[in-house]
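Working notes, beginning with the structure itself.
The values are calculated or read from the model by the stated rules, or taken from the named source; none is laboratory data. Since this is a predicted model, take the numbers as computed values, not measurements. Cβ sites come from the backbone with ideal geometry, for glycine too, and all protein chains shown count toward neighbours.
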Amino acid sequence: MSSFTSICMALADWLMRDRHSEWSRAMNAELAHVRESERTQWALGCVIAALRQRFAPMHTDSFRISPWVLSLELTACFVPITFAWADTVFGTSGVIHLNSAIISKFFLDTPLSTAVLAMTIAGTIVGIVGPIGLLLTLQAVRSGTGMRNRTLALIMLVSIGSYGLASMGLRLIAGPGAYAATLDFIVLIIVLPMLGIAHLMHWTHPVNTRLAAA
């Protein structure tokens, strides 16, 4: 089982630990019978099901939610892209280690390697959405208000969406490889941050303190 699948199942277990522990055990048992190629989709489905069950008791006549639920949701949206950005910038092969000699030797000899270099540089820019999103999450949890700067939100959405389209285009042209779109990449780096930004833009309102204390 891949590390990503293990993380997803652990997250689903944590989300359902109070009221649905039997269901959680059943999902883990069922995972052993799922084909290896389909386990990632199964694990993601378990996380989505767990989130639905967690949110179900909290439905009200508004979109107001408690701060801890908001922080859990938005952290899940922005942490993966933050880790990816940190690795792209500061990792063993991060951009801070690049120099003209390395770029000339490894990234300019073929169109594909040049495209990978372009995606790497773009990733250092687009990936800033992750840390910004975490800061906005902290602000939203503390203040109970969403993202007021619509221009910044739209810039973040367009940059992530464009990066995702470029990744899918790279996969269509060159097949699997660095920065070519995979299911994990699309979900963690593209879809989740965009959902987090959309939530901050449209559905985060001042928190009902009585509801939050309940």
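Do you know which residues across region 136-164 are polar (S, T, N, Q) and either under 24 Å from Thr182 (Cα atoms) or not in a helix (DSSP H, G or I) (or both)? Scanning region 136-164 gives Thr145, Asn149, Ser159, Ser162.
Would region 89-97 turn up any residue that is among the aromatic types (Phe, Trp, Tyr) and at pLDDT 85 or above? The answer is yes, given that some residue of region 89-97 is among the aromatic types (Phe, Trp, Tyr) and at pLDDT 85 or above. Comparison of Thr114, Thr124, Thr120 shows that the only residue that is under 23 Å from Ser162 (Cβ atoms), over 22 Å from the mean Cα position of the chain (by Cα) and in a helix (DSSP H, G or I) is Thr114. Just to be sure before I move on: is Ser100 touching a Phe, Trp or Tyr at 6+ places or on another chain (Cβ under 6 Å), of a type in the set (Ser, Thr, Tyr) and assigned by TED's automatic domain parsing to the domain that holds Ala174 in the structure I sent? So Ser100 fails the test. Beta carbons closer than 8 Å, at least 6 apart along the sequence or on distinct chains, pair a first residue in region 145-161 that is buried (at least 16 other Cβ atoms within 10 Å of the Cβ) with a second that is part of a loop (DSSP other than H, G, I, E, B) for Gly146/Trp203; Gly146/Thr204; Gly146/His205; Met147/Thr204; Ala153/Met147.
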